[in-house]
Amino acid sequence: MSFHAHPDDEALLTAGTLARAAADGHRVVIVTATDGAAGLARAAATADGRLGERRLDELRRAAAALGCGDVRHLGYADSGLNADSSDEAAFSQADPQEAAARLAAILDETAADVLTVYDPAGGYGHPDHIQVHRVGLLAAERAGTRVVLEATVDRRPLVRVLTVLDRTGILGRLGVDRAEWSPERFARAFSAPERITHRIPTARFATAKRAAMSAHATQAGADHGVRTLAVLVRLPHFVFARVFAHEWFVEKGRQPHGPALDDIFATLRVAARDDGSRGTDPERSRWKLVGSAPFIKRRL
Ligand SMILES: [Zn+2]
């Protein structure tokens with residue numbers, strides 16, 4: 001189960017991993033806390049007051065492109081970028097325990113083994129994204145979900161790329177808002193490389209990821225400025241596949257040890273193996289496997 005704040009977040013942070021899980025035969029459920037109705041959009045998409053409905057439809061289409069047929073909406077309102085949203089229905093203002101109960105009910109119903117949430121920073125700090133982290137962890141505790149993964153980005157290469165794009169003036173020429181994409185802004189966003197436990201190869205699913213991003217048509221435009229998604233979906237395929245060659249996660253309770261794991265189900269596979277082998281000390285054998293990640297890579 002992949003838990004998100006707004007329609008389109010799943011495409012940016014987790015689409016490759018979800019497409020891979022679906023292709024491997026796993027049942028994948030996407031849950032969004034809000035319908036994204038407070039995000040930027042062209043006036044034409046918001047005029048009739050049905051932006052939220054449109055964005056949930058787009059999410060269903062994006063999910064279908066990834067091979068995920070099950071999309072749920074927790075029913076909260078989008079807080080927008082202001083942390084001080086006074087809207088009582090806003091997700092960022094919701095009682096975390098109450099929201100966690102709603103999510104835990106879906107975790108129970110679907111018997112989910114793995115839940116993805118966001119890192120504690122909420123990526124770049126959107127109040128709804130920080131709430132996804134908080135609520136997701138509480139829900140997993142309630143439902144007894146075995147593996148919780150924070151979907152994140154390794155900020156070191158991100159800052160490196162943005163610094164180059166900034167210094168060479170490419171950032172300016174792309175027409176994106178410099179304040180939104182400045183290297184300084186990302187120096188504390190997402191996660192430091194030392195925290196990353198999973199680095200999932202996703203280049204093989206770049207076509208599905210781009211299709212998911214493209215499905216979010218109302219996210220690609222605004223009446224002022226250029227939206228990030230619009231820039232990304234226009235990248236040539238080989239550049240797109242390079243930019244999105246990996247997705248990153250931090251598993252709750254796992255200390256990074258040796259090379260990052262390349263499979264979000266690795267912990268479950270090790271647990272299943274330990275269950276089946278009598279006389280093995282589970283703790284020792286887990287460390288053995290974690291320490292030999294290339295073995296996992298070969299086996300897959
Ligand atoms: Zn979002």
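Taking Cα atoms only, the orientation of helix 51-66 departs from the longest principal axis of the chain by about 40 degrees. Build a GNM of the chain with springs between Cα atoms under 10 Å apart, and of LEU268, LEU13, LEU137 the one that fluctuates most is LEU268. Rounding to the nearest 10 and keeping the result within 0 to 90°, find how far the Cα-based axis of helix 282-291 lies from the longest principal axis of the chain. For 282-291 against the chain, the angle is about 60 degrees. Within the chain, DSSP assigns beta bridges of which about 30% are antiparallel (rounded to the nearest 5). The amide H of SER191, built 1.01 Å from its N in the peptide plane, has VAL153, ARG155 as neighbours under 5 Å, considering only residues 5 or more places off or on other chains.
So, by mean Cβ neighbours within 10 angstrom, what's the order for 207-217, 181-191 with the highest one leading? Let's see the in-between values first.
Values: 207-217: 22.2, 181-191: 16.7.
For the peptides 207-217, 181-191, the packing ranking is 207-217, 181-191.
Lys and Arg at +1, Asp and Glu at -1: add these up for the other residues within a Cβ distance under 10 Å of CYS68 and post the number. Residues near CYS68 contribute 0 overall.
For the chain, the longest principal axis of the Cα atoms and the long axis of helix 96-110 meet at an angle of about 60 degrees.
Any read-out appearing in this document is the output of simple, stated calculations on the displayed coordinates, not a laboratory observation. Quantities reported herein were computed from a predicted structural model and do not represent experimental measurements. Every residue, glycine among them, receives a Cβ derived from its backbone with ideal geometry; neighbour counts consider all protein chains shown.
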